[in-house]
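The values are calculated or read from the model by the stated rules, or taken from the named source; none is laboratory data. This structure is a prediction, so every number in the text was calculated from the model and none was measured. Cβ coordinates were reconstructed from backbone atoms using ideal geometry, including for glycine residues, and neighbour counts include every protein chain displayed.
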Amino acid sequence: MQSPLYADVVLLLEVAIALGLLGGAWLARRHKFREHAWCQSVAVLLNLVLVAVVMVPSFREQVSPKIPAKLGKSYVGLPAAHGALGGIVELIALYILLAAGTKLLPERLRIRRYKLWMRTVLVAWWLVLLLGAATYVRWYVPLPFRH
Amino acid sequence: MIRTCLCITVLTFLVLNAVASLAAGSGYFGSTIQQGQEQTLEVKIDNFSFLPATLTVAAGTTVTWINRDDIPHTVVSSDDPRAFKSKALDTDDRFSFTFTKAGTYSYFCSIHPKMTGKVVVQ
């Protein structure tokens, strides 16, 4: 493995966050909504910190200069897809937190079908995690079938 | 008289030839030629490795790193301040640096810090 320490730490934290979101969903099914709200809020906000502190600077330095010229290469395409979908999912997750957990949004901007939105985001979150893991493997793991 | 001159000529030629051969064997002429020439040597980057990992060169040599891997790599001096630092090299991109001073120059890939190499300048 050729990964820097920060990449290993971020990958482990992201797996823990995704598992935490699954745990939070389980809490909702058990009707423990207060605990559910705390669990999902911590997960979404911790992810936001990781995105801002580690992923965005790394993406800007290593990947974005190669877009669009090398978008067809998997080492650019994978992180680009991960970044695009991940950004959308994080924004929707933050919106759900604001709509469900606060009264900051006006009534007309509130979400009505919470379950649908939350479940969709949870599935999309795991898809983003898989894209992130694929990016990690592509950038840091020497694969035996490359040569 | 002619035979003596011929012998002296042959002996002189043999002695000069022997001296030249000895000098070349001891590396005297060889090192002069190496220092006089500006050589270029290559380090291949492949499968997350610098090949060769350690390269010994004469002062004044230009070393060129070529990325033959299918993932970007960098070549960054470990010294402080950094003696050299490349941009991220895509496949088949090159980076060159001329080593003018003797010493040992360790370097690494900033994207994959466990990838390391060394240039020994004599």
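Considering every residue within region B:88-95, establish whether at least one is under 21 Å from A:K70 (Cα atoms), in a loop (DSSP other than H, G, I, E, B), free of Cβ contacts under 8 Å to residues at least 24 places away in the same chain and in the same structural domain as B:N47 (by TED's automatic domain parsing).
Initial filter on region B:88-95 (under 21 Å from A:K70 (Cα atoms)): B:88-95.
Of the ones still in play, those that are also in a loop (DSSP other than H, G, I, E, B) are B:88, B:90-93.
Going one step further and asking which of them are free of Cβ contacts under 8 Å to residues at least 24 places away in the same chain, we end up with B:88, B:90.
Now drop any that are not in the same structural domain as B:N47 (by TED's automatic domain parsing), which leaves B:88, B:90.
Taking every residue of region B:88-95 in turn, at least one turns out to be under 21 Å from A:K70 (Cα atoms), in a loop (DSSP other than H, G, I, E, B), free of Cβ contacts under 8 Å to residues at least 24 places away in the same chain and in the same structural domain as B:N47 (by TED's automatic domain parsing).
Do we have A:S58 as surrounded by 14 or more Cβ atoms within 10 Å (Cβ to Cβ) and under 30 Å from B:L89 (Cα atoms) here? Show your work before the answer.
Numbers: surrounded by 14 or more Cβ atoms within 10 Å (Cβ to Cβ): yes; under 30 Å from B:L89 (Cα atoms): yes.
Criteria met by A:S58.
Of the numbered conditions (1) farther than 30 Å from B:D90 by Cα; (2) at pLDDT 95 or above; (3) out of contact with any helix residue (DSSP H, G or I) (no Cβ under 7 Å at 6 or more places or on another chain), A:F33 fails exactly one; give the number of that condition.
(2)
Taking region B:91-122 as the search range and keeping residues that are small (G, A, S) and within 14 Å of chain A (Cβ to nearest Cβ), which one is surrounded by the most Cβ atoms within 10 Å (Cβ to Cβ)? Talk me through it step by step, then tell me what you get.
First, the residues of region B:91-122 that are small (G, A, S): B:96, B:102-103, B:106, B:110, B:117.
Imposing the further condition that a residue be within 14 Å of chain A (Cβ to nearest Cβ) reduces the set to B:110, B:117.
Numbers: B:S110: 17, B:G117: 22.
Applying the filter and picking the extreme gives B:G117.
Out of region A:1-21, which residues are more than 14 Å from chain B (Cβ to nearest Cβ) and surrounded by 14 or more Cβ atoms within 10 Å (Cβ to Cβ)?
Across region A:1-21, the qualifying residues are A:V10, A:L11, A:L13, A:E14, A:I17, A:A18, A:G20, A:L21.
Take the conditions modelled with pLDDT of 95 or more and either among the aromatic types (F, W, Y) or in contact with a Phe, Trp or Tyr (Cβ under 8 Å, 6 or more places away or on another chain) (or both) and apply them to A:I88. Does it pass?
Details: modelled with pLDDT of 95 or more: yes; either among the aromatic types (F, W, Y) or in contact with a Phe, Trp or Tyr (Cβ under 8 Å, 6 or more places away or on another chain) (or both): no.
For A:I88, the condition - modelled with pLDDT of 95 or more and either among the aromatic types (F, W, Y) or in contact with a Phe, Trp or Tyr (Cβ under 8 Å, 6 or more places away or on another chain) (or both) - is not met.
If we scan region A:100-121, do we find a residue that is in contact with a Leu (Cβ under 7 Å, 6 or more places away or on another chain), over 30 Å from B:K87 (Cβ atoms), surrounded by 12 or more Cβ atoms within 10 Å (Cβ to Cβ) and modelled with pLDDT of 90 or more? First the steps, then the outcome.
Going through region A:100-121, the residues in contact with a Leu (Cβ under 7 Å, 6 or more places away or on another chain) turn out to be A:104-105.
Next, from what is left, pick out any that are over 30 Å from B:K87 (Cβ atoms): A:104-105.
Cutting the leftovers down to surrounded by 12 or more Cβ atoms within 10 Å (Cβ to Cβ) gives us A:105.
So of that shortlist, the ones also modelled with pLDDT of 90 or more come out as none.
No, every residue in region A:100-121 fails to be in contact with a Leu (Cβ under 7 Å, 6 or more places away or on another chain), over 30 Å from B:K87 (Cβ atoms), surrounded by 12 or more Cβ atoms within 10 Å (Cβ to Cβ) and modelled with pLDDT of 90 or more.
Mind counting the residues in region A:118-146 that are among the hydroxyl-bearing types (S, T, Y), more than 14 Å from chain B (Cβ to nearest Cβ) and farther than 21 Å from A:I96 by Cβ?
0
Within region A:46-61, how many residues turn out to be in contact (Cβ under 8 Å) with a residue 24 or more places away in the chain and within 14 Å of B:P72 (Cα to Cα)? Explain how you work it out, then say what you get.
Narrowing region A:46-61 to residues in contact (Cβ under 8 Å) with a residue 24 or more places away in the chain: A:46-48, A:50-51, A:54-55, A:59.
Still in the running and within 14 Å of B:P72 (Cα to Cα): A:59.
Residues flagged as in contact (Cβ under 8 Å) with a residue 24 or more places away in the chain and within 14 Å of B:P72 (Cα to Cα) within region A:46-61 amount to 1.
Can you pull out the strands (runs of 3 or more DSSP E) entirely within region B:25-83 that have at least 1 residues that are at pLDDT 90 or above and charged (D, E, K, R)? Quick ask: steps written out before the conclusion?
Details: elements: B:40-46, B:49-51, B:54-57, B:61-67.
Result: B:40-46.
Among the residues of region A:55-64, is there at least one that is away from every other protein chain (no Cβ under 14 Å), assigned to a helix (DSSP H, G or I) and not small (G, A, S)?
Taking region A:55-64 first, the residues away from every other protein chain (no Cβ under 14 Å) are A:55-56.
From the residues that got through so far, the ones that are assigned to a helix (DSSP H, G or I) too are A:55-56.
Imposing the further condition that a residue be not small (G, A, S) reduces the set to A:55-56.
Checking region A:55-64: at least one residue is away from every other protein chain (no Cβ under 14 Å), assigned to a helix (DSSP H, G or I) and not small (G, A, S).
When you check A:P68 against the structure, is it in a loop (DSSP other than H, G, I, E, B) and either surrounded by 13 or more Cβ atoms within 10 Å (Cβ to Cβ) or over 16 Å from the mean Cα position of the chain (by Cα) (or both), yes or no?
Details: in a loop (DSSP other than H, G, I, E, B): yes; either surrounded by 13 or more Cβ atoms within 10 Å (Cβ to Cβ) or over 16 Å from the mean Cα position of the chain (by Cα) (or both): yes.
In short, yes.
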